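First up is the structure itself, then whatever we jot down about it.
The values are calculated or read from the model by the stated rules, or taken from the named source; none is laboratory data. Everything quoted here is computed from the prediction, not taken from an experiment. So basically every Cβ, Gly included, is an ideal-geometry build from the backbone, and we count neighbours across all protein chains shown.
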Amino acid sequence: MKILEYFKSQKEENNFNLLPDGIFTLEHDGKIIDVNNKILEMYKMTRFEILGRYFSDFVENGTAILNKVVQDGSSEAVRALMKDEEIRNVFFEITATRNPETSKVYVVARNITKKQAEQKTINERYALAQKIVDEKNDFLLEASGSVLSSLVSINGFSRALLDGIGGALSEKQRKYLSIINTNSKDLNYDLEKLFALFRVESKKVEYNNKGFDLISLIKSIDRVYKKDFEDNKIIFSLDYSKLSQRDCFLDGEVVEYILRCIMDIFLRFSNLGKCSLNIGHPPVEFLKTHDFLANDSLDSQKYVLFEAKITDLVFSQDELDNIFDSYYKSSIKRPIGLKATLNLLKLYISDFRGDIWVYSKQNFGTMVTFVLPLR
């Protein structure tokens, strides 16, 4: 209710006491000058015991909370300080308004349960945390261009020196430059994926869904990465022979980015091992098991299934249990880009109403499986 308007108007004493919520009337310093009968019921006290004392005598952290709700017009869940020490779990939700003409403060208090108070606190903390995360993401996204640009320069110049553009190098110079070049590439990979994750988390990605040929996209990515696999002596196999529907109506650039992320994982985390990417349509039973539904009927031809396997990468059970918790701290140290990439894929694929799973065990390696709708 608009409590200030109520007190500005003429009122009868019995109306004041018939209000359904408790009312404190305070001086500007928090001294209580009036309460209604509801407050007396809440605290199980007489008017004589309350008047002349201060709001902070009756509400935990009362002064700080009162200042906050008056200034920002919010509400707060508070614990009541009771005369009977055995009564511990009495909670109120309070709002407050200051009358600028008289400097009096009117506080409305209504009973809530402990569970309601805890939930309100959780909601407020979540809202504050989300605000901080959004501001952090905005700041990092703004800084990402200059950070990645610097790394590209380090990588480019070190590569140029290794190629002899500055003259002959001693063995020690070549060794150190190789370390700089490798580390700058790794750091660029990690940060690029991390910044991309921040961008998707901040909901700043806009999708452009239009038709493209999925098989042509797969072939072009295969051509781009073929030499990299050969140079790194990685055995890579690609099979899309079971993919019969080639028309896809998602964002082609994002689908390409998803597949490039898979290829980058193969390149970075395979050490003379084997990698494979099989692409086809999921069996109907698979769709039923994972609760997929397309146009009120299950049709495997409306989905595409990707199975990416790498033999050299194995996750522990703890890592698997928290693989899509972006900021989970595992006892096993991994490059930040690996987990950022998997979480980035999860967000993109979820936005497309698909799903992703990661399987891993010793003597097998890791399988990243994901399903995308073709529309």
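For every residue, the table says whether it meets (1) closer than 16 Å to residue 99 by Cβ; (2) touching a strand residue (DSSP E or B) at 6+ places or on another chain (Cβ under 7 Å); (3) modelled with pLDDT under 85.
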| site | (1), (2), (3) |
| --- | --- |
| 10 | yes, no, yes |
| 42 | no, yes, yes |
| 55 | yes, yes, no |
| 58 | no, yes, no |
| 72 | no, no, yes |
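Taking the criterion of being outside any strand (DSSP E or B), crowded, with 16+ Cβ neighbours inside 10 Å and under 29 Å from the mean Cα position of the chain (by Cα), the residues of the range 243-255 that qualify are 250, 251, 252, 254, 255. Tally time: how many residues in the range 213-232 are surrounded by fewer than 14 Cβ atoms within 10 Å (Cβ to Cβ) and either over 18 Å from residue 250 (Cβ atoms) or in contact (Cβ under 8 Å) with a residue 60 or more places away in the chain (or both)? Residues that pass the stated criteria total 6.
Within the group 185, 193, 136, which residue is part of a helix (DSSP H, G or I) and in contact with a Gly (Cβ under 6 Å, 6 or more places away or on another chain)?
Numbers: 185 fails: in contact with a Gly (Cβ under 6 Å, 6 or more places away or on another chain); 136 fails: in contact with a Gly (Cβ under 6 Å, 6 or more places away or on another chain).
From the options 185, 193, 136, the qualifying one is 193.
Among the residues of the range 296-341, those that are assigned to a loop (DSSP other than H, G, I, E, B), of a type in the set (A, V, I, L, M, F, W, C) and modelled with pLDDT of 80 or more comprise 313, 314, 315, 323, 324.
When the residues of the range 158-168 are narrowed to those that are of a type outside the set (A, V, I, L, M) and not in a helix (DSSP H, G or I), which ends up surrounded by the most Cβ atoms within 10 Å (Cβ to Cβ)? Of everything passing the filter in the range 158-168, 166 is surrounded by the most Cβ atoms within 10 Å (Cβ to Cβ). State whether one or more residues within the range 282-295 are exposed (fewer than 13 other Cβ atoms within 10 Å of the Cβ), assigned to a loop (DSSP other than H, G, I, E, B) and among the hydroxyl-bearing types (Ser, Thr, Tyr). No, that holds for no residue. Any residue at all in the range 195-212 that is surrounded by 15 or more Cβ atoms within 10 Å (Cβ to Cβ) and free of Cβ contacts under 8 Å to residues at least 24 places away in the same chain? No, the range 195-212 has no match at all.
Filtering the range 169-182 down to residues that are part of a helix (DSSP H, G or I) and among the hydrophobic types (A, V, I, L, M, F, W, C), which residue is farthest from the chain's Cα centre (by Cα)?
Looking only at the range 169-182, we keep the residues that are part of a helix (DSSP H, G or I), and these are 171-182.
Keeping just the survivors that are among the hydrophobic types (A, V, I, L, M, F, W, C) gives 177, 179-180.
Values: 177: 38, 179: 34, 180: 33 Å.
By that ranking, first place goes to 177.
Out of the residues in the range 325-353 that are surrounded by 15 or more Cβ atoms within 10 Å (Cβ to Cβ) and without any contact (Cβ under 8 Å) to a residue 24 or more places away in the chain, state the one that is nearest to the chain's Cα centre (by Cα).
The first filter runs over the range 325-353 and keeps only residues surrounded by 15 or more Cβ atoms within 10 Å (Cβ to Cβ), leaving 326, 330, 335-349, 351-352.
If we keep only those that are without any contact (Cβ under 8 Å) to a residue 24 or more places away in the chain too, we end up with 330, 339, 346.
Numbers: 330: 18, 339: 14, 346: 12 Å.
Residue satisfying both the conditions and the ranking: 346.
For the range 24-64, the candidate set comprises residues that are of a type in the set (Val, Ile, Thr) and farther than 17 Å from residue 91 by Cα; within that set, the residue that is nearest to the chain's Cα centre (by Cα) is 25.
So which residues in the range 65-79 are in a helix (DSSP H, G or I) and either more than 13 Å from residue 108 (Cβ to Cβ) or within 28 Å of the chain's Cα centre (by Cα) (or both)?
65, 67, 68, 71, 72
Any residue at all in the range 180-197 that's assigned by TED's automatic domain parsing to the domain that holds residue 141 and of a type in the set (Val, Ile, Thr)? Walk me through how you get there before you give the answer.
Pass one, the range 180-197, residues assigned by TED's automatic domain parsing to the domain that holds residue 141: 180-197.
Next, from what is left, pick out any that are of a type in the set (Val, Ile, Thr): 180, 182.
The answer is yes, given that some residue of the range 180-197 is assigned by TED's automatic domain parsing to the domain that holds residue 141 and of a type in the set (Val, Ile, Thr).
Report whether or not residue 84 is surrounded by fewer than 17 Cβ atoms within 10 Å (Cβ to Cβ), modelled with pLDDT under 85 and under 36 Å from the mean Cα position of the chain (by Cα). Spelling it out, it is not the case that residue 84 is surrounded by fewer than 17 Cβ atoms within 10 Å (Cβ to Cβ), modelled with pLDDT under 85 and under 36 Å from the mean Cα position of the chain (by Cα). Residues in the range 196-242 that are over 13 Å from residue 263 (Cβ atoms), touching a helix residue (DSSP H, G or I) at 6+ places or on another chain (Cβ under 9 Å), among the aliphatic types (A, V, I, L, M) and not in a loop (DSSP other than H, G, I, E, B): 196, 197, 200, 214, 235. Within the range 15-44, the residues that satisfy the criterion of being buried (at least 19 other Cβ atoms within 10 Å of the Cβ) and charged (D, E, K, R) are 21, 38. Checking residue 97 against (1) modelled with pLDDT of 80 or more; (2) of a type outside the set (Lys, Arg); (3) closer than 30 Å to residue 265 by Cα, only one condition comes out false. Which one? (3) is the only condition that residue 97 fails.
Against the condition surrounded by 14 or more Cβ atoms within 10 Å (Cβ to Cβ), over 25 Å from residue 354 (Cα atoms), hydroxyl-bearing (Ser, Thr, Tyr) and not assigned by TED's automatic domain parsing to the domain that holds residue 358, how does residue 270 come out, does it pass? First the steps, then the outcome.
Values: surrounded by 14 or more Cβ atoms within 10 Å (Cβ to Cβ): yes; over 25 Å from residue 354 (Cα atoms): yes; hydroxyl-bearing (Ser, Thr, Tyr): yes; not assigned by TED's automatic domain parsing to the domain that holds residue 358: no.
Considered against the rule, which asks whether it is surrounded by 14 or more Cβ atoms within 10 Å (Cβ to Cβ), over 25 Å from residue 354 (Cα atoms), hydroxyl-bearing (Ser, Thr, Tyr) and not assigned by TED's automatic domain parsing to the domain that holds residue 358, residue 270 comes out as no.
Among all residue pairs at least 6 apart or on different chains, which show Cβ distances below 7 Å where the first residue, located in the range 42-61, is basic (Lys, Arg) and the second is buried (at least 16 other Cβ atoms within 10 Å of the Cβ)? Close Cβ pairs (under 7 Å, with a partner that is buried (at least 16 other Cβ atoms within 10 Å of the Cβ)) amount to 47/35; 47/40; 53/32.
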